[in-house]
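Below is one structure; the comments refer to it alone.
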Amino acid sequence: QVQLVESGGGLVQPGGSLRLSCAASGSIFSIYVMGWYRQAPGKQRELVATITSGGRTNYADSVKGRFTISRDNAKNTVYLQMNSLKPEDTAVYYCNADIQRTGMWGSNNYWGQGTQVTVSS
């Protein structure tokens with residue numbers, strides 16, 4: 001089995017920073033694209049940022065210049081550094097990854113359980 005476990009969420013004031021982490025564990029052969037999505041109350045889940053195994057990144061326009069995605073392939077971990085946070089960044093943040101399991105062909109898509117980020121004064 002494969003699990004994605006997020007950490008690092010919490011309450012922060014506008015203009016503050018948070019760093020989210022997501023560690024993948026289990027019978028993993030290879031991890032391809034990893035990413036972060038978020039879902040605010042009453043809204044659909046939306047892409048925040050993705051990163052390929054080679055380090056190519058993609059960001060939503062709303063977070064460009066404020067958020068940075070990175071990964072440590074040796075630790076099967078993806079990070080999201082969030083700076084200059086705004087109240088509209090408040091949401092549950094979900095980790096996502098395309099993972100090929102050991103002994104299996106192809107990859108499957110996995111989600112973490114989500115971590116709450118609240119930006120408020």
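Working ranking of peptides 100-108, 17-25 by packing, defined as the average number of other Cβ atoms within 10 Å per residue, highest first, is 17-25, 100-108.
Using θ = phi - 60° in the Karplus curve 6.51 cos²θ - 1.76 cosθ + 1.60, the 3J(HN,Hα) couplings for the stretch 7-23 round to 7, x, x, x, 9, 9, 6, x, x, x, 10, 9, 10, 9, 10, 9, 10 Hz; x is entered for Gly and Pro. Under 5 Å between amide hydrogens, built in the peptide plane, is the criterion, and for Val48 it picks out Trp36, Tyr37, Arg38 among residues at least 5 positions away or on other chains.
For Ser27 and Ala60, a Förster radius of 25 Å and the Cβ-Cβ distance give a FRET efficiency of 0.20, rounded to the nearest 0.05. May I ask which residue of Gly10, Gly65, Gly26 lies farthest towards the positive end of the charge dipole of the stretch 1-66, with charges of +1 (Lys, Arg) and -1 (Asp, Glu) on Cβ and the Cα centre as origin? Working it through, the farthest residue towards the positive pole turns out to be Gly65.
Above 19 Å, the calculated P(r) of the stretch 63-121 contains 44 percent of its Cα-Cα pairs.
Each label was represented as a point 7 Å from its Cα along the Cα-to-Cβ direction; for Lys86 and Thr118 these points are 2.1 nm apart. Cross-link partners of Lys43 among lysines, defined as those whose alpha carbon lies under 19 angstrom from its own and excluding same-chain residues fewer than eight positions apart: Lys86. In this structure the chain gives 54 Å² per residue of accessible area when probed at 1.4 Å with all protein chains present. Pairwise inverse Cα distances across the stretch 8-54, averaged and inverted, put the Kirkwood hydrodynamic radius at 13.4 Å. Of the accessible area of the chain, computed with a 1.4 Å probe over protein heavy atoms only, carbon and sulfur atoms account for 47 percent. Between the alpha-carbon centres of the stretch 14-65 and the stretch 66-121 there is a gap of 4 Å. Cross-link candidates for Lys75: which lysines have Cα within less than 28 Å, leaving aside residues fewer than 8 places away along the same chain? The qualifying lysines are Lys64.
With +1 on the Cβ of every Lys and Arg and -1 on the Cβ of every Asp and Glu, and nothing else charged, how large is the dipole of the stretch 1-120 about its Cα centre, in debye rounded to the nearest 20?
Values: 11 positive and 7 negative charges, 20 e Å.
About 100 debye.
The orientation-averaged shadow of the Cα convex hull for the chain, equal to a quarter of the hull surface, comes to 7.2 nm². The mean sequence separation of alpha-carbon pairs under 8 Å and at least six residues apart, normalised by the residue count of the chain, gives a relative contact order of 36 percent.
The values are calculated or read from the model by the stated rules, or taken from the named source; none is laboratory data. Model, not experiment: these values are computed from the prediction. So basically every Cβ, Gly included, is an ideal-geometry build from the backbone, and we count neighbours across all protein chains shown. Side chains are part of the model used for accessible areas, which takes the heavy atoms of the whole protein and leaves out ligands, DNA and RNA. Shrake-Rupley method; radii C 1.70, N 1.55, O 1.52, S 1.80 Å.
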